[in-house]
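The values are calculated or read from the model by the stated rules, or taken from the named source; none is laboratory data. Because the structure is a prediction, the values reported are computed rather than measured. We place every Cβ from the backbone using ideal geometry, glycine too, and count neighbours over all the protein chains shown. Heavy atoms of the whole protein, side chains included, go into the accessibility calculation; ligands, DNA and RNA do not. Shrake-Rupley method; radii C 1.70, N 1.55, O 1.52, S 1.80 Å.
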Amino acid sequence: MKRNLPLIFAFICGIVVVASDFIPHRPFNLMIDTLQNWFMIIVGFAILLGQISLFQSNIYKIQHKVSGWYYYLAGLISFVIMLVLGLLWGTQEYQGLLGHGLAVQAWLGSKPFDYLFDNAYLPLSATMFSLLAFFVASAAYRAFIIRSFESNLLMITAIIVILGRTSFGGMLTSWVPESYSFWHLPNLSDFIMEYPNTAAQRAIMISAALGIIGSSLRIILGIERSYLGSDK
Amino acid sequence: MTGFMSTLGLWMAVFFTFSIFSFLYKDNPLYKLSEQIFVGLSAAYWLVYTFFSMMMPNLIVKLSSDFKGNIILLIPATLGFMMLLRIFPKTQWFSRFPIAIMIGTSAGINMVRYTKSDLLSQVSATMINPFAAATTSAIIGNFLLIIGTICGVYFFYFSKKQEGMSAVPSKLGIWFLMISFGASFGYTVMARVSLLIGRLEFLLKDWLHIIK
């Protein structure tokens, strides 16, 4: 029961969803709506499970005083503060459990959740990702020193696309006569994006779709069952 | 008070910006602190949004407004709680049921969706007459599009060893993929540099008022 019943559930759900696409009538259209609604609710609980797991992992590190435990404590405190403020007074779009908190908004200038979002979350995420600009430059240097045909192709394309998408690229090739306008960096960049890039993206999409269809079939038919975990 | 709070918010943003940038020198306590705060805030942000955008409208509001009419929702709610039982080792197996429903449903949805949007529509979009274009560059481009797609798909065919003549289209496929990765790399560089400019603009404009 512990293994076979979930496999039967997966089979029925998968078959109902696939069948409903080919039979858009009752009861299949109702069943797919119901299943999708249930799916959303279960996904909500799955996200909650992930956060509980993160919480537990941090608590464990703090309790056992692992190296740098105070950083995890800071993470935990920030998690609790953001969560409580969000649930109590809601977000810009949603009303919280205590309403919109107009008095708090008048004091802070915005809802507490949005205040933390604008002044802590946003700067942190933007700076964290902008940091990658420096590491991307180092990656580019490493790609250059490999000196294979493929790595050169990658770097030359990257340079053409970067220059072609900025006004500097247009300025660099502005002297090229109109009859050779194809060689203007913005036009060359457009050509690369429109044809060779689209071709490769299509190849990736088609191949990935074939892979996804194959693995979906394996899941629905119960051949792929690693998601059930072990019996230990 | 609003003025004080907005100044406090500005200094908080400046502190976090410098803390993260300090990693460029070397890993340090300020960076580690900001990193963990970022993890905590992100986790809470997604949890709050999940609660308000998914759990409230789909479950809580429906059950609290018309319990009898929506009694069927107790099934996904129970499945959700079964999912949470994964926390305890002895009751872990209960979570297999909601996971099976999620995996089965998403497998069905993905199978149909990817067949339509990523397989059939992309194949039919490649079935073009290359000579139908108006300019020479577009005709060459159309040929590149057809050859690139076929060779790219061929590269991903791993069931037979590609050697000799059969390795030629695979090699061509790699070249097209490299061009595409180069384009993506270029866009990534631009996006990151744009974020960096945004942060510098914040420091020089909003904080120091050096630029206008």
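Per-structure values
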| quantity | calculated |
| --- | --- |
| Any hit, the range A:47-58, residues being outside the structural domain of A:Ile159 (by TED's automatic domain parsing) and within 30 Å of B:Ser184 (Cβ to Cβ) | yes |
| Flag if A:Thr173 is more than 30 Å from B:Tyr157 (Cβ to Cβ), more than 8 Å from chain B (Cβ to nearest Cβ) and free of Cβ contacts under 8 Å to residues at least 40 places away in the same chain | yes |
| Selection count where residues are under 27 Å from B:Ile174 (Cα atoms) and either touching a Pro at 6+ places or on another chain (Cβ under 9 Å) or among the hydroxyl-bearing types (Ser, Thr, Tyr) (or both), scope the range A:107-164 | 7 |
| Residue identified as in a helix (DSSP H, G or I), open to solvent by 40 Å² or more (accessible area, probe 1.4 Å) and of a type outside the set (D, E, K, R) among B:Leu172, B:Leu177, B:Leu145 | B:Leu172 |
| All positions within the range A:199-217 that are more than 22 Å from the chain's Cα centre (by Cα) and either in contact (Cβ under 8 Å) with a residue 60 or more places away in the chain or surrounded by 14 or more Cβ atoms within 10 Å (Cβ to Cβ) (or both) | A:Ala199, A:Leu217 |
| Filter result for A:Ile47 (more than 9 Å from chain B (Cβ to nearest Cβ), open to solvent by 50 Å² or more (accessible area, probe 1.4 Å), on the phi < 0 side of the Ramachandran plot and part of a helix (DSSP H, G or I)) | no |
| Test: residue in the range A:34-43 that is over 23 Å from B:Ser53 (Cβ atoms) and more than 7 Å from every other protein chain (Cβ to nearest Cβ) | no |
| Entirely in the range B:1-78, the helices (runs of 4 or more DSSP H) that have 2 or more residues that are more than 19 Å from A:Gln92 (Cβ to Cβ) and within 7 Å of chain A (Cβ to nearest Cβ) | B:2-21, B:29-50 |
| The range A:31-44, subset of a type outside the set (S, T, N, Q) and either over 18 Å from the mean Cα position of the chain (by Cα) or not in a helix (DSSP H, G or I) (or both), residue nearest to B:Leu85 (Cα to Cα) | A:Ile42 |
| Residues of the range B:22-59 satisfying the condition of being open to solvent by less than 70 Å² (accessible area, probe 1.4 Å) and among the aliphatic types (A, V, I, L, M) | B:Leu33, B:Ile37, B:Val39, B:Leu41, B:Ala43, B:Ala44, B:Leu47, B:Val48, B:Met54, B:Met55, B:Met56, B:Leu59 |
| Residue in the range A:149-165 that is open to solvent by 70 Å² or more (accessible area, probe 1.4 Å) and away from chain B (no Cβ under 13 Å) present | no |
| Cβ-Cβ under 6 Å pairs, at least 6 apart or on other chains, the range A:69-82 side more than 11 Å from A:Phe55 (Cα to Cα) and within 7 Å of chain B (Cβ to nearest Cβ), far side polar (S, T, N, Q) and assigned to a helix (DSSP H, G or I) | A:Tyr71/B:Gln36; A:Ala74/B:Gln36 |
| Residue that is of a type outside the set (D, E, K, R) and open to solvent by less than 40 Å² (accessible area, probe 1.4 Å), where the choices are A:Leu87, A:Leu83, A:Leu97 | A:Leu83 |
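Residue by residue, here is whether (1) facing another protein chain (nearest Cβ under 7 Å); (2) free of Cβ contacts under 8 Å to residues at least 12 places away in the same chain holds:
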position	(1), (2)
B:Thr91	no, yes
B:Asn110	yes, yes
B:Arg113	no, yes
B:Ala133	no, yes
B:Ala138	no, yes
B:Asn142	no, no
B:Gly148	yes, no
B:Ser166	no, yes
